[in-house]
1. From zero up to wherever the largest Cα-Cα distance of region 340-379 sits, split into 5 Å bins and tell me the percent of pairs in each.
2. Using unit Cβ charges (K, R positive; D, E negative) and no other charged atoms, how large, in debye to the nearest 20, is the dipole of region 179-248 about its Cα centre?
3. In region 102-168, what GluC sites (Glu not before Pro) fall in a loop by DSSP, with at most 12 other Cβ atoms inside 10 Å?
4. About the Cα centre of region 98-178, what is the dipole size in debye to 20, counting +1 per Lys and Arg Cβ and -1 per Asp and Glu Cβ, all else neutral?
5. Specify which residue in the list Asn339, Val359, Ile263 is farthest towards the positive end of the charge dipole of region 240-381, using unit charges on the beta carbon of Lys, Arg (+1) and Asp, Glu (-1), about the Cα centre.
6. Which three semi-axes in whole Å describe the equivalent ellipsoid of region 179-248, each the square root of 5 times a Cα gyration tensor eigenvalue, listed largest first?
7. Compute the length gained on full extension between Thr152 and Lys224: take 0.36 nm times their separation in residues and subtract their Cα-Cα distance, giving the result in nm to one decimal.
8. When the Karplus curve 6.51 cos²θ - 1.76 cosθ + 1.60 is applied with θ = phi - 60°, which whole-Hz ³J(HN,Hα) does each residue of region 141-154 get, with x for Gly and Pro?
Amino acid sequence: MNDKLNKEIKENDNELTAVESNKEEAVVEEVTIEVSEQKNEEKKSSKDNKKSIKDYLSKDLFADIKRISFTDEKPSEDDKHEALSEEYQGTFNDISENQIISAKVIGISDSDVMVDIGFKSEGLISRSEFDNKDLPEIGSNIDIFLEKFEDTDGNITLSKYKADFIKRWDELKHFCDSGEPVKGKIVKRVKGGLVVDLGVIQAFLPGSQADVQPIKNFDDLIGKEFDFQIVKVDEMRKNLVVSRKAILEESLNEKRQELMTKIEIGAELQGVVKNITDFGAFVDLGGVDGLIHITDFSWGRINHPSEIVEIGQEITVQIIDFNKETSRISLGLKQLVDNPWETIPEKYKVGDIVKGNIVSIMNYGIFIELEKGIEIGRAHV
């Protein structure tokens, strides 16, 4: 009986062991399935997460996000001052000191001209820098010179005269380089010469360069306008030296060449007496000088050429001789009238008693003038 019981117990233990073994396999299988499913879910979750991150980095993600502004934060006084300073300095980006700029006239007072130069504040220019006849109109634009952005009082320093000076200086340098004449007006006399106004800028005219002929009184030239040639430019001192003589000589050379082709003996020309000496007078024929000898002034007797002509007098002369090699021209006045000796035989006969004026007494006799240009001599008995 005991053996039968033990056999049953043994069989029950075996069945129990088999059941527990099946349970363990089922648990293992279940755990394996769960782990596998968990891994699949983790992989799926990882893919979803990657897709989510990718979507997060997409530009479209920010399409509906509005920009956040921090302007609600109240700036400090220092920040305000710095911002205004930067904004003010920004207006100077396109210009700098010591240059010419354009400005708009916005007001004119008895002492100043107010202009708008595009800055935060207007500028003032002394009215003394403008000619009353050339005073600009309100609303017009003018060129001015910007000297400083701020002076000791915080004002912008401007000048109309300096702008005009710089522009005119550049123009005059062009005249000097090209050799073109420039018009000017003689305004005053100074030591060694004259001052010429060339418009904004004044130049020095040496006395020796005022004319081709010596000038007795320079004051006679004051107030007169002439053409001048700029012969020297001092860039550092901003000085100019001009010459009128150079212009006249150039013109005279042209006239001289033209005149030389027309000169012939017997021709009558107009001229101006430029100098008088004891032996005659020099006449300017327009670029060429000629000499009237004292014996060619009159058919009669004269003691000095000043009895007939004076300096500056315009006269008509006749060419009585011309040397092409030396360009020496001899002129005459008496040749313009008939020679009185040619009619002597018709007027006077041998044995006629005539009246005359004693014009000269010599040791060997006297000279009697019967008429202008006719003198006869009578020897002592």
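Bear in mind that the values in this text are calculations on the coordinates, not laboratory data. Just so it is clear, the structure is predicted and the values come from calculations on it, not from any experiment. Heads up, the Cβs are rebuilt from the backbone with ideal geometry, glycines too, and the neighbour counts pull from every protein chain shown.
1. 6, 21, 31, 25, 13, 4, 0
2. Dipole of region 179-248, to the nearest 20 debye: 220 debye.
3. On the way: sites: Glu122, Glu129, Glu137, Glu147, Glu150; in loops: Glu122, Glu137, Glu150.
Qualifying residues, ordered by number: Glu137, Glu150.
4. 140
5. Positive-most Cα among the choices belongs to Val359.
6. Computed over region 179-248, the values are 18, 13, 12 Å.
7. Details: separation 72, 0.36 × 72 = 25.92 nm, distance 4.45 nm.
Once the chain is fully extended between Thr152 and Lys224, it gains 21.5 nm.
8. Result, rounded to whole Hz: 9, 9, 8, 9, 9, 8, 8, 9, 5, 8, 9, 5, 9, x.
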